[in-house]
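The values are calculated or read from the model by the stated rules, or taken from the named source; none is laboratory data. As the structure is a computational prediction, the values presented were derived from the model and not from experiment. Virtual Cβ from ideal backbone geometry, glycine too; neighbours counted across all protein chains shown. Accessible surface areas use protein heavy atoms only, side chains included; no ligands, DNA or RNA. Shrake-Rupley method; radii C 1.70, N 1.55, O 1.52, S 1.80 Å.
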Amino acid sequence: MNNIPTDRALPPRIERLHELARNLWWTWQTGSRSIFKYIDKGLWEACNHNPVKMMKQLPEERLHEVANDPVFLRNYDGLLETLDDTIERRESWFVRRYPEHRDRTIAYFSAEFGLHISLPIYSGGLGVLAGDHCKEASDLGVPLVGIGFIYPLGYFKQRINAEGRQEAIYERFDYNAAPIEPVFSHEAGNGPLRFQMNGRVIHLAVWRVRVGAVTLYLMDTDVEENEPWDRELSARLYGGDQETRIRQEIILGIGGVRLLHELGIEPTVCHANEGHAAFLLLERIRVLVQQGLSFDEAAKQVRETTVFTTHTPVPAGHDAFPFHMIEEHFSHYWGELSLTREEFLALGEHPDGYGGKNFNMTALALRLSGRRNGVSRLHGQVSREMWHSLWPEGTVDEVPIGHITNGVHTPSWVAPELERLYSRHLGYDWRLHHDDPALWDRVMEIPDEDLWNVHCELKGLLLGVMRERIRRSWTRDAVGPLRALTAGPFLDPNALTIGFARRFATYKRALLIFSDLVRLIGLLNSEFKPVQIVFAGKAHPADLPGRSLIQEINRLAREHNVAGRIAFIEDYDMRVAKYLVRGVDIWLNTPRRPLEASGTSGQKASLNGVPNLSILDGWWFEGYQQVNGWAIDPGFTAPTEEAQDAADANALYDVLESQVVPLFFDRDSQGIPRGWVRTMKEAIRTNAPVFSTRRMVREYAEKMYIPAIRAAAGRE
Ligand SMILES: *Cc1c(COP(=O)(O)O)cnc(C)c1O
C-alpha cells in the first residue's frame, strides 16, 4: 500500500511504519502515539504530532537505530498485530453479532470530517461527530466507508487582530504531509476521475484516508484538467456562494455515488449526514430507473436503504436553493428519473420563510429516505414539529423522525492522564466495554485526592499551553500588549475556571454571561473566590453578527475591571478543544432553547470530569441528573426572546453565586473540595457510558443499518 511515490524507503524490519503513520488509528491508540514519540520526541512536537510529516524528516541513522532496538520492535510488532486484527474485524462486535452481514457496506456521506488537525476538512461539531462516527465504526467493526471532500484551503484559521476582531486566514493544505493516499490522480498513475453532469465534465482527484478498518474517500476538484473556476469548487469548506455550494453538493451526492461504483463498492445502505449530501438519493434512484424500474419502485427501494440524519432546528442551517438554480443543473437529469420538471421540483419544495418557496435539501432528504433521525431526544421532538408540514395527515407525534442522541469517541477524547487513572480503578481493559454503566460505578471509589490531583495537572497543562501560545505570538508575530492580555497570561490556577468554546452563532448567546456586568464583576473580582472565563470559537466569515460577538468579548476582556480574568484562545480546533474540555473546571453552554440540536463538547468535558453548567437543551436535557452538574433553568418560558434572555441570565448568575462558586471553594484541611469532586465523579459516572459514540453507533447499527440491510436482503 506504499503507493505514494514520495514515501521514503525504510529499513525492511520496520517497513510497515508507513502504514502506522498513515492510518489515523494511531490517533486513538495510546501505544502508537508513544511509538512515534519514542522515535524522536523533539521532531514529534515540531511536526505537530503529525507522523506523516515526521516520517519524511527522520534522520536515516535514527531509523536504523530503532530497526535494531528490541524495545521499539516489541511495541512495533504488537501494534501492527492489533492494527491487523482491527482491519480484519474478526473479533469485532458487528461481525460477532451479525456475521451474515459482515460483507455489506454502509456508505456514510458527509461534507466534513473532523479526524485530526493534520486533515483540516471540518469546521465544527458536525465534522467532529462524523469523524468520531468513523472511528467508532472501526472499533465496533461496522462495515462503513466515508465519502467527503478534500478542501485544499480547508476551513479558515482564525486570528484575533489588534482591534479584537476576527481575521480569516486560508492556508494551503500540504498534500505531502497529510495522512492521505491517491486513488484517482496523476500520483496514483491513473489520472483524475471524470464526472459528468448536465453535459459538463468535471475532473476529480480522489484520496483515500484510513481510519482503522474504515476507509474514507475524499474528492478534490483542484486538478489541472479542470477549468480554473472548477478547480476552485472544492477549495474551501463552506467558503463559496450558493452556486459553489450547489455544485459541491452535486459532487458530494451524485459524484459520491458514482465514485463508489467506479471503485467497485456497491453499498447496501447509504447514510446522509445532514442535507448537504441529499442529492445521493436522486442518484441512487436514477441508477435503478436506468435498470428498468419505475420511479416509484426505485424510490421505494432507496427509501428502505437510506438513513438521513438532520442536525439543526435553526431554519438558516438548512440548505435551500432557488428553483432556477435547480433547473439549471438538473434539466438533463430529471428525465433519467422518468420525472417531469414539476415532479422533480416538488421533491424538494418547501416554504422559504419569506412567503415563497424553494428547493430545500432537508425536505428532499426527508421525503426520499425512509429512516430519519434527529440527534437528541429533544431535537427529535423539535424536528417532528418543524417538519410536520411534510406529513400533514397525522399528528406531530406521528411524523416519522426518530432520534439517536450524539456521543463522542471515548478513546479520542479522554485525557491520557485520566485514562491511566481509569485503568487503575475500572480495570486495565475498561476501553473494551466502556458503554457498560456498571463499569463506571467504580469511578466513585477513586480516591478524591487522585482525581483532584489529575484535574489540577490538566488545568495546569491548559494554562501552560495558553501561555506558550502567548509567548509565541508575542515573540514571533509581535502582537501588542492588549492582544496578549486577552489571550490569558494572568489566568489564575486557583480560580474557578469556566470554559465556553463553540461556534459563534448568535443562538448560542456567548454574551449571556455579560448581561449584568455588576454581577459578573462581583464574581470575577471576588477576593477569596475568584472566577475566570476562557472563551474560544470561530464565527463563519459571512456571519457578521457572530463576528461582532467575538469582537465584543475581546473588547470586554480589555476592560480594566475584568482584565486578566477573561481570555480568548484563537483558532478553536480539535487540539484547542482537547485541552479545554479537560483543563477547565466547569463547561458552560447557554443556547437559546431549543436551538441546540445536541452539542457534544459538554460530553467531552463530562468524560474528563468537568461538570456542565448548561441550559436544559440538546443532550443536556437528557444528561442532567441534579448530582452531575447544573442546569440553567428559570423554570418558565418567557413570552419574548428578550425576556427569556434576561430570565436565563438571571438563572445563570443565581446558580453560579449560590451553588457553583460556594461548592468549588468549599475545601477541607487538605485543600480538597470534597463536594465538588463528588460532582466531578457523578459527571463521569452518569455521562461517560451513555454519551459516547459506542452507544450511538450501536444504535445506528441496530435501529437503522441492520433493518435497512434486512430490507435489501429481502428483495435479493
Ligand atoms: C466537539 C467540538 C465541537 C462541537 O461542540 P458543540 O458542543 O457542539 O459546540 C466543535 N468544534 C470542535 C473543534 C470540537 O472539538
Next item on the list: Go over the candidates S658, S606 one by one and state the one that is assigned by TED's automatic domain parsing to the domain that holds Y579, in a helix (DSSP H, G or I) and within 14 Å of the ligand (Cβ to nearest atom).
Entry: S606
Notebook entry, point to check: Residue check, W93 against (1) at pLDDT 95 or above; (2) touching a Gly at 6+ places or on another chain (Cβ under 8 Å); (3) under 16 Å from N23 (Cβ atoms); (4) open to solvent by 20 Å² or more (accessible area, probe 1.4 Å), all met but one. Which one?
Noted result: (3)
Check: Cβ-Cβ below 6 Å, separation at least six or inter-chain, first residue in segment 286-311 and under 18 Å from I709 (Cβ atoms), second open to solvent by 20 Å² or more (accessible area, probe 1.4 Å) and basic (K, R): which pairs?
Finding: V302/R284; V307/R371; F308/R372
Next item on the list: Search segment 22-62 for residues being open to solvent by less than 50 Å² (accessible area, probe 1.4 Å) and charged (D, E, K, R), and hand back the single one that is farthest from the chain's Cα centre (by Cα).
Entry: D40
Next item on the list: Considering only residues that are of a type in the set (A, V, I, L, M, F, W, C) and farther than 18 Å from R341 by Cα, look in segment 299-326 and name the one that is surrounded by the most Cβ atoms within 10 Å (Cβ to Cβ).
Entry: F308
Notebook entry, point to check: Restricting attention to segment 98-114, which residues are within 13 Å of the ligand (Cβ to nearest atom) and aromatic (F, W, Y)?
Noted result: F113
Note to self: Pairs please, first residue from segment 343-357 and assigned by TED's automatic domain parsing to the domain that holds M386, second anywhere and acidic (D, E), Cβ atoms under 7 Å, 6+ apart in sequence or on different chains.
What the structure shows: K357/E349
Notebook entry, point to check: From the list E81, E65, E19, which one is part of a helix (DSSP H, G or I), loosely packed, with under 13 Cβ neighbours inside 10 Å and not aromatic (F, W, Y)?
Noted result: E81
Check: Checking L517 against (1) surrounded by 16 or more Cβ atoms within 10 Å (Cβ to Cβ); (2) more than 20 Å from D617 (Cα to Cα), which single condition isn't satisfied?
Finding: (1)
Check: If you scan segment 68-78, which residues turn out to be open to solvent by 80 Å² or more (accessible area, probe 1.4 Å) and either charged (D, E, K, R) or touching an Asp or Glu at 6+ places or on another chain (Cβ under 7 Å) (or both)?
Finding: R74
Next item on the list: Mind listing whichever residues of segment 568-593 are within 10 Å of the ligand (Cβ to nearest atom) and under 16 Å from L613 (Cβ atoms)?
Entry: L580, V581, W587, N589, P591
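Name the residues in segment 481-510 that are away from the ligand (no atom under 16 Å from the Cβ) and over 16 Å from H455 (Cβ atoms), would you?
If the condition is that a residue be away from the ligand (no atom under 16 Å from the Cβ) and over 16 Å from H455 (Cβ atoms), then P481, L482, R483, A484, L485, T486, A487, G488, P489, F490 are the ones that fit.
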Notebook entry, point to check: Pick from segment 390-405 the residues that are assigned to a loop (DSSP other than H, G, I, E, B) and open to solvent by 10 Å² or more (accessible area, probe 1.4 Å): which of them is farthest from G602 (Cα to Cα)?
Noted result: E393
Notebook entry, point to check: Are there any pairs, at least 6 apart or on different chains, whose C-beta atoms fall under 6 Å, with the first in segment 436-448 and touching a residue at least 60 places away in the same chain (Cβ under 8 Å) and the second of a type in the set (A, V, I, L, M), and if so, which?
Noted result: L439/L426; W440/A688; V443/I684; D448/I672; D448/V677
Next item on the list: Taking R102 as meeting all but one of (1) without any contact (Cβ under 8 Å) to a residue 40 or more places away in the chain; (2) open to solvent by 60 Å² or more (accessible area, probe 1.4 Å), write down the number of the exception.
Entry: (1)
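Which of the following residues is among the hydroxyl-bearing types (S, T, Y) and in contact with a Phe, Trp or Tyr (Cβ under 6 Å, 6 or more places away or on another chain): S294, S338? So that I can check it myself, show each step before the final result.
Details: S294 fails: in contact with a Phe, Trp or Tyr (Cβ under 6 Å, 6 or more places away or on another chain).
Only one candidate passes the filter, namely S338.
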Next item on the list: Of the numbered conditions (1) among the hydrophobic types (A, V, I, L, M, F, W, C); (2) more than 13 Å from the ligand (Cβ to nearest atom); (3) over 24 Å from V257 (Cβ atoms), I117 fails exactly one; give the number of that condition.
Entry: (2)
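Could you check segment 664-691 and list, in sequence order, the residues that are assigned to a helix (DSSP H, G or I), open to solvent by less than 50 Å² (accessible area, probe 1.4 Å) and not aromatic (F, W, Y)?
Filtering segment 664-691 down to residues assigned to a helix (DSSP H, G or I) leaves 664, 674-687.
If we keep only those that are open to solvent by less than 50 Å² (accessible area, probe 1.4 Å) as well, we get 664, 675-677, 679-684, 686-687.
Hits for segment 664-691 are G675, V677, T679, M680, K681, E682, A683, I684, T686, N687.
Which fully enclosed helices (runs of 4 or more DSSP H) of segment 255-308 have 3 or more residues being modelled with pLDDT under 95?
On the way: elements: 256-262, 279-290, 295-304.
Here the list is empty.
Among the residues that make up segment 365-380, is at least one of them open to solvent by less than 40 Å² (accessible area, probe 1.4 Å), under 30 Å from A701 (Cα atoms) and among the basic types (K, R)?
Checked against the condition, which is being open to solvent by less than 40 Å² (accessible area, probe 1.4 Å), under 30 Å from A701 (Cα atoms) and among the basic types (K, R), segment 365-380 yields at least one hit.
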